[in-house]
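Below is one structure, written out as structure tokens; the observations come after it.
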Amino acid sequence: MVLINELMGEFGLYHFGLCFIVFISRFGIAFHQMAIIFLAPPAHYRCPGVNVTCCDNPVYNTSVFKKTIVTEWNLICKKSWLKDLNQTIFQFGVLAGSLLFGMASDKYGRRPTLIISVVTEIITGVMASFLPDYWSFTIVRMILGFSVGGIMVITFVIVMEFVGSQKRDVVTTLFHIPFTAGHVMLAAFGYYIRDYTYFQLSISLINVVLLVYICVLPETPRWLLAMNKTEEAVILIEQVAKINKLPVQDIRNKIELYQFEHRIVKRRSTVLNLFRTPNLRRNILVMSFVWLACSYCFYGMAYYISHLTGDVYINVVSSGGVCLCGCLIALPLIIFTNRKTDVIVLNIISSCCILIVALVPEGKASVVLGCVGVMCCYIVFIVVYLYCSEMFPTVVRNAALGICSMMARLGAMLAPFIADLRKYGQWCAPVAFAIFPIAAALLCILLPETKDCELLMTIEEGEDMLRKRRRLPKATERRQQDPVSSQD
């Protein structure tokens, strides 16, 4: 029995087209994730006629931003916390969407759940542009976050389950570049569109192009086989093979033989399956904390640095540029080094840089060190996306990514509050952020290595493989040891 990607190709013309249409969704994710920067920038105002800093009828300075949610609903003074609450509730939506859409896609398929997520993203994004009050805007933004969370998780899994192990390192690293490009592009939207209603409408309508998924997005062959949908899987693999100019005559026989020999019993797969066996339970708990620490540190330090110096547009371009550099650095790291080593070393470097920020005077040095720490956190993000998807079987892969993404959103929700500790002392926030990466690095020692591994499909295979050895075998080793037991 040969691997699925030997039947349809490791990475051919079909894979290129699929990655292109899937990568486009990452721009919208970046727009909505970072939109709060231009939806609720700091407001400059004065109170007419009286010498006070707070009043019911402030006169806002509209020379930079004509209208924001702050100026529209007077989110100043005692109500200033509401603008932060809006982003916290949005991140809560992303948290819930990552988990629930992740589990739904494991049960109902990647294709239908992604299409539902995209349609919801477009509708709620446009709706948010026209809502007349703060609370309706915030609630709709939460639903928007729900859809964004689903798109984040499902698109990555689709790419992982189509691309072969030989090209997976490169493709999954490139997967993050559209997000960083979208982050940088957001500065252009904010610069040329100074009214938050048109800004929100613009970044939402651009996602209409994603409706092409209804016509062209396929289900993944791995999910079809895991669900015993053999006929659909055979048809899809034959289509992919034809486009990639590979032979198709033996595909049906080889897939049917594989299904017969492995006798994959269709059973209900839920998130609880991740906690029922000792090795998978340990891995999901450790990986969840790693994601939480990474997001907590990344968003918190980015927020902290943005208040040290600089113009809002320059800050957005700079932070996006740092993340883009992180993508370029991550590519050779993922190709030539181990996942486990990358996560441990980068977390330690990040923690050290952030600790030094607590010691040096605020200025260029602290900004540079902080940016290095943020970049390391972003590289860890890139690595753990791949690391996590390789570690868990197909039947619970999206659920695992959903849980980890949920924990990452929890870290993002906590980060702004920790960054505000700056008012109690320069050292408070950096020290609070630096503790988590060190803890994550230590816990990663418990994880197995997954570099060069074929993707697992069943809970039993994943648990057995992890029980036999701390490091999963390479694809070439597995094929030599047991050519019919490969799960790809």
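The values are calculated or read from the model by the stated rules, or taken from the named source; none is laboratory data. Everything numeric in this text was worked out from a predicted model, so none of it was measured. As a convention, Cβ positions derive from the backbone with ideal geometry for all residues, glycine included, and neighbour counts pool all protein chains shown. Just so you know, the surface numbers come from the protein's heavy atoms only, side chains and all, with ligands and any DNA or RNA stripped out. Shrake-Rupley method; radii C 1.70, N 1.55, O 1.52, S 1.80 Å.
Some points to look at:
- Filter pass, G321 being farther than 29 Å from L274 by Cα, surrounded by fewer than 18 Cβ atoms within 10 Å (Cβ to Cβ) and under 20 Å from the mean Cα position of the chain (by Cα): yes
- Residue that is farthest from S105 (Cα to Cα) [pool: residues in the range 221-253 that are small (G, A, S) and out of contact with any Pro (no Cβ under 6 Å at 6 or more places or on another chain)]: A241
- Restricting attention to the range 274-302, the residues that are surrounded by fewer than 21 Cβ atoms within 10 Å (Cβ to Cβ) and at pLDDT below 85 total 5.
- The one condition in (1) open to solvent by less than 20 Å² (accessible area, probe 1.4 Å); (2) within 24 Å of F275 (Cβ to Cβ) that M407 fails to fulfil: (1)
- Restricting G28, G17 to those that are crowded, with 21+ Cβ neighbours inside 10 Å and either at pLDDT 90 or above or closer than 24 Å to A412 by Cα (or both) reduces the list to G28.
- In the range 354-368, the residues that are under 12 Å from M301 (Cα atoms) reach residues that are assigned to a loop (DSSP other than H, G, I, E, B) and open to solvent by 70 Å² or more (accessible area, probe 1.4 Å) with C-beta atoms within less than 7 angstrom, at least six apart or across chains, in these pairs: A358/W427; V367/T309.
- Scanning the range 221-236 for residues that are under 18 Å from R397 (Cβ atoms) and open to solvent by 30 Å² or more (accessible area, probe 1.4 Å) yields N228, K229.
- Filter result for T71 (polar (S, T, N, Q) and in contact with a strand residue (DSSP E or B) (Cβ under 8 Å, 6 or more places away or on another chain)): yes
- V94 vs. criteria under 21 Å from the mean Cα position of the chain (by Cα), modelled with pLDDT of 90 or more and open to solvent by less than 10 Å² (accessible area, probe 1.4 Å): no
- Annotation: of all residues in the range 117-131 being under 30 Å from D420 (Cβ atoms) and outside any helix (DSSP H, G or I), the one that is most open to solvent (accessible area, probe 1.4 Å) is L131.
- In the range 9-61, residue farthest from I151 (Cα to Cα) [restricted to those that are hydroxyl-bearing (S, T, Y) and in contact (Cβ under 8 Å) with a residue 24 or more places away in the chain]: T53
- Criterion violated by A104 - all others in (1) farther than 21 Å from A188 by Cα; (2) in contact with a Lys or Arg (Cβ under 9 Å, 6 or more places away or on another chain); (3) open to solvent by less than 30 Å² (accessible area, probe 1.4 Å) satisfied: (2)
- The range 417-431 - residue that is open to solvent by less than 50 Å² (accessible area, probe 1.4 Å) and assigned to a helix (DSSP H, G or I) and, of those, farthest from G150 (Cα to Cα): C428
- In summary, N244 fulfils each of the numbered conditions (1) open to solvent by less than 10 Å² (accessible area, probe 1.4 Å); (2) closer than 27 Å to S389 by Cα with the single exception of condition (1).
- Answer residue from the range 104-145, given it is within 19 Å of the chain's Cα centre (by Cα) and among the polar types (S, T, N, Q) and is nearest to V157 (Cα to Cα) among those: S105
- For first residues located in the range 433-455 and at positive phi, partners that are assigned to a helix (DSSP H, G or I) and of a type outside the set (A, V, I, L, M) and lie 6+ apart or on another chain with Cβ distances below 8 Å form the pairs D452/S165; D452/T476.
- Within the range 170-201, considering residues that are open to solvent by less than 10 Å² (accessible area, probe 1.4 Å) and outside any helix (DSSP H, G or I), the one nearest to I69 (Cα to Cα): H176
- Some residue of the range 258-271 being assigned to a helix (DSSP H, G or I), open to solvent by 70 Å² or more (accessible area, probe 1.4 Å), charged (D, E, K, R) and at pLDDT below 85: yes
- Flag if L369 is surrounded by fewer than 24 Cβ atoms within 10 Å (Cβ to Cβ) and under 19 Å from A293 (Cα atoms): yes
- Qualifying residue in the range 67-84 (condition: modelled with pLDDT under 85, within 22 Å of the chain's Cα centre (by Cα) and surrounded by fewer than 16 Cβ atoms within 10 Å (Cβ to Cβ)): yes
- When restricted to residues that are among the aromatic types (F, W, Y) and at pLDDT below 85, the range 369-391 contains 1.
- In the range 275-304, the residues that are under 23 Å from P393 (Cα atoms) and free of Cβ contacts under 8 Å to residues at least 40 places away in the same chain reach residues that are in a helix (DSSP H, G or I) and open to solvent by 40 Å² or more (accessible area, probe 1.4 Å) with C-beta atoms within less than 7 angstrom, at least six apart or across chains, in these pairs: F275/R281.
- Scanning the range 144-169 for residues that are outside any helix (DSSP H, G or I) and either of a type in the set (S, T, N, Q) or surrounded by fewer than 22 Cβ atoms within 10 Å (Cβ to Cβ) (or both) yields a single hit, G164.
- Hits in the range 160-217 - residues which are under 19 Å from R110 (Cα atoms) and small (G, A, S): G164
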